[in-house]
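FYI, it's all coordinate maths here, none of it is from the lab. Everything numeric here is computed off the predicted structure, so don't read it as measured data. Methodologically, a virtual Cβ is constructed for each residue, glycine included, from the backbone with ideal geometry; neighbour enumeration extends over all protein chains shown.
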């Protein structure tokens with residue numbers, strides 16, 4: 001009997017050893033992603049996003065109370081073999097099940113990929129409000145007025161989301177919404193405000209699937225050519241027709257969506273390049289179309305004119321066409337747009353291109369240029385309000401901004417800043433209108449103006465905030481600035 005119990009005891013001990021060994025093995029496997037971080041670093045270029053840095057336990061002499069959550073975010077971005085595991089998971093989900101492990105990429109049919117951030121437009125789940133759209137159009141009209149006042153031509157265009165003009169490969173379970181897109185709401189306001197707008201939706205919709213890259217967010221060479229032709233036609237410029245020109249295939253192009261989905265084994269896609277559109281050279285430190293600020297010089301003897309283009313990543317494929325066509329050209333991704341570039345570059349044409357998913361930018365971040373002076377002779381009534389006004393130095397400007405009191409700022413109101421000094425009568429400046437996004441709410445009754453300091457009184461200024469709603473002109477607030485303005 002004692003031997004039997006000993007046997008049972010020995011078997012129990014072995015079982016406990018095996019159980020303990022299993023626990024140790026599991027813990028060791030779970031620790032590998034952490035302890036192996038120094039030996040298996042993440043390739044940040046393959047991430048296409050900014051990775052979280054390792055947090056500091058003490059910041060500015062104070063204990064960082066968010067240390068644990070920030071450390072968790074850092075681990076999520078840097079754990080060992082992260083990209084290998086993500087790639088393996090993405091291969092299984094996209095190839096076998098036609099789904100995506102990341103909300104940034106939508107896996108469509110026939111190998112097509114779409115950008116997840118465009119779903120709000122596609123499904124009409126977050127359509128720009130009429131007031132925000134009017135703010136955007138209003139600011140673009142002021143921008144156009146300034147450009148034309150400097151003797152240059154102005155054109156604005158929207159680069160459509162891929163699923164706005166080539167939606168036939170979207171997955172069946174993501175249904176397109178009904179009604180107007182944000183771009184439709186803005187387009188109507190642009191017409192009302194007289195903004196020179198080039199509609200790319202119509203020409204790109206005829207055969208959208210052949211004009212956009214299969215694994216990239218953007219149009220292909222032919223789609224970019226259609227956009228280029230449309231913009232040049234709107235400018236009234238004769239330009240070269242590349243449709244029958246010689247071209248070659250860049251077989252090394254890797255789509256941004258493909259790289260997001262499969263960071264370690266992306267498959268390249270053919271990109272058509274028109275040889276005749278490559279006749280230019282870089283005139284500054286830039287060396288690629290993806291750089292933030294690029295100046296070019298055309299190698300074509302007959303080229304003429306100077307171009308300033310504010311653009312985003314859709315402009316990468318546009319750049320060779322415009323750089324070849326214009327004698328000199330500058331392409332800027334810097335935001336907010338600073339129209340000091342216009343005079344610095346001596347541009348004769350200004351083109352503004354913006355992706356459809358980012359058109360609210362024109363309402364939330366108005367361009368930098370001197371606020372226009374207006375001649376206003378209407379009587380003004382001062383009333384108490386909750387409006388705010390603040391000022392700060394910004395290079396050659398006094399930047400004045402704040403929020404209106406919506407009780408006295410009707411839809412479409414004009415906002416003025418009247419500046420007076422000890423020996424100067426009031427000068428009326430018209431401000432850009434601004435939509436202020438705070439968390440998940442939007443206040444469409446903000447404003448901002450850049451006042452040229454060289455034209456302001458040198459000391460003891462008073463800035464009065466005045467709103468013209470059409471029915472009445474009221475002063476909502478004022479700001480006194482004492483002393484010299486350096």
Completion exercise
Between the alpha carbon centres of the stretch 131-208 and the stretch 256-284 the gap in Å comes to 25 Å
Exercise for the section: Output the peptides 217-226, 318-327, 181-190, 236-245 sorted from most to least packed, where packing is the average of other Cβ atoms within 10 Å over each peptide's residues. Expected result: 318-327, 217-226, 181-190, 236-245
Exercise for the section: Rounded to the nearest Å, what's the spacing between the alpha carbon centres of the stretch 407-431 and the stretch 338-378? Just the number, please. Expected result: 19 Å
Exercise for the section: Mind ranking 385-396, 463-474 by how tightly packed they are, going by the mean number of other C-beta atoms within 10 angstrom, highest first? Expected result: 463-474, 385-396
Exercise for the section: Compute from the Cα atoms of the stretch 364-450 the Rg and the Dmax, the latter being the longest Cα-Cα distance, and quote both in angstrom. Expected result: 13.6, 45
Problem - Exposure proxy order (Cβ contacts within 10 Å, fewest to most) of 408, 172 - result: 172, 408
Completion exercise
Placing one equal point scatterer on each C-alpha of the stretch 99-258 and summing with Debye, one gets log10 I(q)/I(0) at q = 0.12, 0.14 Å⁻¹ equal to -0.64, -0.84
Practice task
Would you mind putting 151-158, 10-17 in packing order, based on average other-beta-carbon counts within 10 Å, highest first?
Solution key: 151-158, 10-17
